[in-house]
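Structure first, then comments.
Values quoted throughout were computed directly from the atomic coordinates according to the rules given, and no laboratory measurement underlies them. Note that the coordinates shown come from a computational prediction; the quantities given were computed from them, not determined experimentally. Don't worry about glycine lacking a Cβ; one is built from the backbone with ideal geometry, like all the others, and counts go over all protein chains shown.
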Amino acid sequence: MKTHANPRKLKAARVQQSQLRKVLINLIKGGENLERLIELYYWSRELGAIDIARAFVTMPESSSDAVRAFMGLTPDPGSIVAKLDKNGCLSMTVASVAQVSAMADYMAAGNDGAEPPYPLLTTGKFRGGKRKLAA
């Protein structure tokens, strides 16, 4: 058995499409920043990006400030590792920040001569408290 769509819903959908088309045309005609418009379109096609953006905008200011500060810690967002535990706790780490933190802990503990938990530079190794650059 065929079911027919509600005519009111169809009309509302056509009106919304028409309004969206007008907004898009006005954005393009404005031409002030077409690169940003294309970037916005690109990100809108990325799976889950809109949901993340909506969540970020609606979260408490202190939370969005913390996320913003965290993102500012690294010039390479590709190095961010995120894990969600079974309790719903999201932890995000950046290798460079973890290395600096581990080095600070190591130095604060007064571990003379012991190998630190992370090398300070990824291109070097620590031996006996002295850094030797890898060839």
Mind listing which trypsin sites (Lys or Arg not before Pro) in segment 36-102 are in a DSSP loop and have 15 or fewer other Cβ atoms within 10 Å? LYS86
Starting from 0.36 nm per residue, how many nanometres of slack lie between THR58 and ARG45 once their C-alpha separation is accounted for? 2.6 nm
Convex hull projection area averaged over all views, segment 1-63, Cα basis, nm²: 7.7
